[in-house]
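Q: Structure below; questions to follow.
The values are calculated or read from the model by the stated rules, or taken from the named source; none is laboratory data. These figures come from a predicted structure and were not determined experimentally. With ligands, DNA and RNA removed, areas are computed over all heavy atoms of the protein, side chains included. Shrake-Rupley method; radii C 1.70, N 1.55, O 1.52, S 1.80 Å.
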Amino acid sequence: MTLGADIAAALPALRAEAESMMRETCTITDVITPVWNDLTLDYDYIETVVYSGKCRVRYGQAAANTVEQAGQVATLHEGTFSLPVATSGEVRKGHLVTITASESDAALVGAKFRVGATRSQSDVTARRFQIEDTQ
């Protein structure tokens, strides 16, 4: 057997191990361009769910950055966000993540993040994204 064949054979078990550490649940949505509503005389923002299920959130050790966004000051905390490989292929940069449940930290429930950069690579155990927390 070759190393490549050994890795391919072990990958399902390794992915299951990575998923066992995903003790939060989240919903990820894509906000589509606003649509004018003639009844309310305002814009409707249509959200499409692109993923709902288990996840893992890890904040980095770097200090938070304070920035101005839309005339308001926001604090950005950077971290890493992990999803199962098999079910998260539609998640892209800019999508909105909402934590809906957490086994390990109730304070995470309701947290919102923006999906940041990701790098695709072979033989991963989890799909990992950079995130920005703007709360």
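Q: Show me the strands (runs of 3 or more DSSP E) found entirely inside the range 29-135 where at least 3 residues are of a type outside the set (Lys, Arg) and modelled with pLDDT of 80 or more. Full working, then the answer.
A: Working: elements: 35-37, 42-44, 47-59, 65-69, 72-83, 96-102, 112-118, 127-133.
Passing ranges, in order: 35-37, 42-44, 47-59, 72-83, 96-102, 112-118, 127-133.
Q: Can you pull out every residue in the range 17-30 that is open to solvent by 60 Å² or more (accessible area, probe 1.4 Å) and among the hydrophobic types (A, V, I, L, M, F, W, C)?
A: Listed by number, the list holds a single entry, MET21.
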